[in-house]
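Q: Dumping the structure here so I can ask a few things about it.
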Amino acid sequence: MSQHEQFCQACGMPMSAPDAQGVSDRYCAYCSDSNGNLKPWEEAVSGLASFPDSWQKVGPEEAQKRAKRYLTAMPAWAHKADSE
């Protein structure tokens, strides 16, 4: 990893990851739509929540809480921290 590595501003994924490549230079392919725009909050939360629940088996409610906590620490979603 280079010292100038860029990361998705919505989820933190390294933009150099093969599956991260999308249209946007700020958001990975998972966090942006086909035009490079940030996906809606609800879609980001549900997408991220499915990952920890699939391998940690924490249940959907806990997975949603963890996803929200993680995402609100990212620059793209910091404004959601006070509302969640």
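Q: Could you run through the stretch 44-73 and say how many residues are of a type in the set (A, V, I, L, M, F, W, C), surrounded by fewer than 18 Cβ atoms within 10 Å (Cβ to Cβ) and within 16 Å of residue 7 (Cβ to Cβ)?
A: Just the residues of the stretch 44-73 that are of a type in the set (A, V, I, L, M, F, W, C), to begin with: 44-45, 48-49, 51, 55, 58, 63, 67, 71, 73.
So of that shortlist, the ones also surrounded by fewer than 18 Cβ atoms within 10 Å (Cβ to Cβ) come out as 51, 55, 58, 73.
Next, only the ones that are within 16 Å of residue 7 (Cβ to Cβ) stay: 73.
So the count comes out to 1.
Q: Restricting to the stretch 74-84, count the residues that are open to solvent by 80 Å² or more (accessible area, probe 1.4 Å) and either in a helix (DSSP H, G or I) or within 11 Å of residue 10 (Cβ to Cβ) (or both).
A: Number satisfying all stated conditions: 2.
Q: Take residue 19 and tell me if it is assigned to a helix (DSSP H, G or I) and either on the phi < 0 side of the Ramachandran plot or open to solvent by less than 80 Å² (accessible area, probe 1.4 Å) (or both). Give the steps one after another, and end with the answer.
A: Values: assigned to a helix (DSSP H, G or I): yes; either on the phi < 0 side of the Ramachandran plot or open to solvent by less than 80 Å² (accessible area, probe 1.4 Å) (or both): yes.
The answer is yes for residue 19.
Q: Out of 24, 46, 34, report the one residue that is touching a Ser or Thr at 6+ places or on another chain (Cβ under 7 Å) and of a type outside the set (Val, Ile, Thr).
A: Details: 46 fails: touching a Ser or Thr at 6+ places or on another chain (Cβ under 7 Å); 34 fails: touching a Ser or Thr at 6+ places or on another chain (Cβ under 7 Å).
That would be 24, the only listed residue that is touching a Ser or Thr at 6+ places or on another chain (Cβ under 7 Å) and of a type outside the set (Val, Ile, Thr).
The values are calculated or read from the model by the stated rules, or taken from the named source; none is laboratory data. Just so it is clear, the structure is predicted and the values come from calculations on it, not from any experiment. Note: ideal-geometry Cβ built from the backbone for every residue, glycine included; neighbour counts use all protein chains shown. Remember, those area values only see protein heavy atoms, side chains included, never the ligands or the DNA or RNA. Shrake-Rupley method; radii C 1.70, N 1.55, O 1.52, S 1.80 Å.
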